[in-house]
Amino acid sequence: MSYRISKRTLTLILFALALPVAQTGLYAQGRGGGRGGGRGGAPQDPKAAAPIDLTGYWVSVVTEDWRYRMVTPAQGDYEGVPMTPAAIKIADEWDPKKEAASPDQCKSYGAPALLRVPGRLHITWQDDSTLKMETDAGKQTRTFHFGDWKSPESAPSLQGNSVAEWEIQRAGGKVTGGTLKVDTTNLKAGLLRKNGVPYSDNARLTEYFDMVKERNGDDLMVVTIVVTDPMYLRESFIISSQFKKQTSDAGWNPTACSAIW
């Protein structure tokens, strides 16, 4: 299977480099939080209004960044991450033996890094306005809240508080596809990579979930991940992860977090 870079990922990267980018249909078609008209123009709940079906079991497709995702990266190998001097100082002090002995083994399983961890996802509708994503790697659970949901007053957490909306594509007045956009805040500080690359509790995460149909009929989910952090990143850190849809829960194997592989 070939590695895919979505139009959205490419566009975001070009914007980050301050290059002029022509607006694509993906952005021009408008957005919605699941309030599109149903029969007689009645509002639809986000589940009913979903332009794509993300539910089911998914498995990671790792075709890039192998040395960062499949093994613990070497100390000092921070290629591709626009780290500030403060972040480099912290990462340079990373000690794999201390991390392995630490009671907190989940630092690299927070929302900004979770979808870079190889494993499987299980996505379901918790209710008509909330998508739930579970991972077998690290046994993590995220919830994506649509509509007028308000973040509770709570301490920062690994998965933070996520607000979701549908970006709808239309042609000729009909829905032809779309994207799930998720904004996550109130994050507990953690690691972008297992070799000590940090993000702070001021980090913000924006994700775009797109669906691609492979030539052989397989469904591929491409997630564009944008992390901003005024403390530890000089600019947005933009990457993408891919997942292939499974027909069953085959291979689903919940395992605890691990600071090193």
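Bear in mind that the values in this text are calculations on the coordinates, not laboratory data. This structure is a prediction, so every number in the text was calculated from the model and none was measured. FYI the Cβ positions are ideal-geometry reconstructions off the backbone, even for glycines, and counts take in every protein chain you see.
The distance between label points at THR255 and LYS89 comes to 3.6 nm (points 7 Å beyond Cα on the Cα→Cβ vector). Ordering of 80-86, 211-217, 114-120, 249-255 by packing is 114-120, 80-86, 249-255, 211-217, highest average first (other Cβ atoms within 10 Å, averaged per residue). Taking a straight line from the alpha carbon of LYS150, these lysines sit under 28 Å away, with near neighbours fewer than eight places off in the same chain left out: LYS47, LYS107, LYS132, LYS139, LYS181, LYS188.
Could you tally the net charge around GLU134, taking each other residue with its Cβ under 13 Å from the Cβ of GLU134, Lys/Arg +1 and Asp/Glu -1? Display every interim value, and only then the final one.
Numbers: positive: ARG120, LYS132, LYS139, ARG142; negative: ASP136, ASP249.
Charge balance near GLU134 sits at +2.
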